[in-house]
Amino acid sequence: MSDSVSFQLTNQNGDLLSSADLAGRKYVMFFYPRAMTPGCTTESCDFRDSYAEFGQAGYEVIGVSPDPPSRNAKFREKEGLNFDLLSDEDHALAESLGAWGEKKMYGKTSDGLIRSTFVVDESGIVTKAYRNVRATGHVARVQADLLEA
């Protein structure tokens, strides 16, 4: 896998964060469909609760959704999240990583964000991709792969 990550997105405070800002650092970037929904809350809170362990292993955590910064700000405050939430409103970053596309829910097919997580190295290269994951238990799996390796 040699996907390179390139982005410039707005965080929950309206500040721009780009892939260039993260050069030289490793990070876990997870894509969630919609802030303040049950699955996204579960996944985000699991990342929040595991933030210190990821940090000790040298990884930053970043959440990305198609939500506007104002919704991400409310979500971050409501759940006490301790990492940036980026707004990919035109889903260009999600599309570039294959995290946007056709999905089926309740027997209905539509285009949307596919819950996915990407581990990115210091050079901005995706070293591991988790696609179409379930919210519950996903963070533990990422932890097991990265922190016990």
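The values are calculated or read from the model by the stated rules, or taken from the named source; none is laboratory data. This structure is a prediction, so every number in the text was calculated from the model and none was measured. Cβ coordinates were reconstructed from backbone atoms using ideal geometry, including for glycine residues, and neighbour counts include every protein chain displayed. Only protein heavy atoms, including side chains, enter the accessible area calculation; ligands, DNA and RNA are left aside. Shrake-Rupley method; radii C 1.70, N 1.55, O 1.52, S 1.80 Å.
Below, the figures for the structure above:
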{"read-out": "Residue (of A94, V119, I62) at the positive-pole extreme of segment 27-149, dipole from beta-carbon charges", "value": "A94"}
{"read-out": "Dipole magnitude of the chain about its Cα centre (Cβ charges: Lys, Arg +1; Asp, Glu -1), debye to nearest 20", "value": "560"}
{"read-out": "Karplus-derived 3J(HN,Hα), 6.51/-1.76/1.60, for each residue of segment 66-71, Hz, glycine and proline x", "value": "x, 5, x, x, 4, 5"}
{"read-out": "Amide proton proximity set for Q12, modelled H, under 5 Å, gap of 5+", "value": "L85"}
{"read-out": "Relative contact order (%) - criterion: Cα under 8 Å, at least six apart; region: the chain", "value": "32"}
{"read-out": "Gained length - E60 relative to L16, 0.36 nm times residue gap less alpha-carbon distance", "value": "14.2 nm"}
{"read-out": "For segment 13-97, size of Cβ-based charge dipole, Lys and Arg +1, Asp and Glu -1, in debye", "value": "140"}
{"read-out": "DSSP-defined beta bridges in the chain - what % are antiparallel, rounded to 5", "value": "65"}
{"read-out": "The chain: most fluctuating residue of T42, T136, T109 per GNM, C-alpha cutoff 10 Å", "value": "T109"}
{"read-out": "Difference of contour (0.36 nm per residue) and Cα-Cα distance, R141 to A129", "value": "3.1 nm"}
{"read-out": "Accessible surface, per residue, of the chain when the full set of protein chains is kept, probe 1.4 Å, Å²", "value": "50"}
{"read-out": "Karplus (6.51, -1.76, 1.60) ³J(HN,Hα), θ = phi - 60°, over segment 48-65, in Hz, Gly and Pro reported as x", "value": "4, 5, 9, 4, 4, 5, 4, x, 4, 8, x, 10, 8, 10, 9, x, 9, 8"}
{"read-out": "Burial ranking of peptide ranges 32-38, 61-67 (average Cβ count within 10 Å, highest at the top)", "value": "61-67, 32-38"}
{"read-out": "Heavy atoms of K108 accessible to a 1.4 Å probe, total area in Å² rounded to 10", "value": "140"}
{"read-out": "Under-5 Å amide H pairs with E60, H placed in peptide plane, nonlocal only", "value": "K26, Y27, V28"}
{"read-out": "Computed lengthening from D90 to K104, 0.36 nm per intervening residue step minus Cα-Cα distance", "value": "3.0 nm"}
{"read-out": "Vicinal HN-Hα couplings computed from phi for segment 112-127 (Karplus, 6.51 cos²θ - 1.76 cosθ + 1.60; Hz; Gly/Pro x)", "value": "x, 6, 9, 3, 8, 9, 10, 9, 10, 8, 4, 8, x, 9, 6, 9"}
{"read-out": "Residues with amide H under 5 Å from that of F7, placed H, sequence gap 5 or more", "value": "S19, A20"}
